[in-house]
Amino acid sequence: MLLTEFNSRSRDAAVAVVTPALDIPRWYDAIVDGRPYASVEALTEAAFEAASPLTESEIDGALAHHPRIGERAVGQTAEAAHARREQSGVDAGAAEALAAGNRAYEAQFDRVFLVRAAGRSADDILALLQQRLGNTPEQELAVIDQQLREIAALRLAGAIETEGARP
């Protein structure tokens, strides 16, 4: 979809475009109500800054849409398709180490480990997982908030094209 199309869509249609990026009403309301955007960069900057900080309950709700790192997302939802693309750099060889790391993380923080996987190798993700196991629960909430925002901005940028980007 072109940015001009996104800017001119009805509110409900625009919400449908941004919800797969981050299904937090306060966040997508801010994005949709912030239209029109002059550029995709302005949109992704707004996506990163909107509704900051996310509450713990918003974070937990958003995490419900994210599979464990290293596990293949199932289903035909937009969120599942995003997750499959984002985790494409995670190979089967890392699955056991990621599974063990996920178990340790969930035992410590009682939530799914979330990281912006796009552009990261399995080794990078494993290193970040190990590093984050040293966080306090409060520190980890701040990191998850940051990661959710990065993921949302990337997803939104992928959904909205700049004029002239189509062949």
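Can you pull out the residues in segment 31-60 that are under 15 Å from ASP145 (Cβ atoms) and either charged (D, E, K, R) or not in a helix (DSSP H, G or I) (or both)?
GLU49, ALA50, ALA51, SER52, PRO53, LEU54, THR55, GLU56, GLU58, ASP60
Considering only residues that are over 8 Å from LEU129 (Cβ atoms) and part of a loop (DSSP other than H, G, I, E, B), look in segment 105-116 and name the one that is most open to solvent (accessible area, probe 1.4 Å).
ASP110
Out of all the residues in segment 31-44, which are open to solvent by 30 Å² or more (accessible area, probe 1.4 Å) and either without any contact (Cβ under 8 Å) to a residue 12 or more places away in the chain or over 12 Å from ALA157 (Cβ atoms) (or both)?
ASP33, GLY34, ARG35, PRO36, ALA38, GLU41, ALA42
Just name the residue that is nearest to GLN146 (Cα to Cα) out of those in segment 4-30 that are open to solvent by less than 10 Å² (accessible area, probe 1.4 Å) and in contact with a Phe, Trp or Tyr (Cβ under 9 Å, 6 or more places away or on another chain).
LEU22
For segment 1-18, which residues satisfy the criterion of being among the acidic types (Asp, Glu) and within 12 Å of ILE160 (Cβ to Cβ)?
Correct list: GLU5 only.
Looking at segment 127-137, which of its residues are assigned to a helix (DSSP H, G or I), open to solvent by less than 50 Å² (accessible area, probe 1.4 Å) and not charged (D, E, K, R)?
Correct list: LEU128, LEU129.
Okay, residues lined up against (1) open to solvent by 30 Å² or more (accessible area, probe 1.4 Å); (2) modelled with pLDDT of 85 or more:
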position: PRO53; (1), (2): yes, yes
position: ALA64; (1), (2): yes, yes
position: ARG84; (1), (2): yes, no
position: ARG103; (1), (2): yes, yes
position: ILE125; (1), (2): no, yes
position: GLN139; (1), (2): yes, yes
position: ALA153; (1), (2): no, yes
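The values are calculated or read from the model by the stated rules, or taken from the named source; none is laboratory data. Keep in mind that what you see is a predicted model, and the values were worked out from it rather than measured. Neighbour counts are summed over all protein chains in view; Cβ atoms, including those assigned to glycine, are modelled from backbone coordinates with ideal geometry. Ligands, DNA and RNA are stripped out before the accessible areas are found, and what is left, the full protein with its side chains, is counted by its heavy atoms. Shrake-Rupley method; radii C 1.70, N 1.55, O 1.52, S 1.80 Å.
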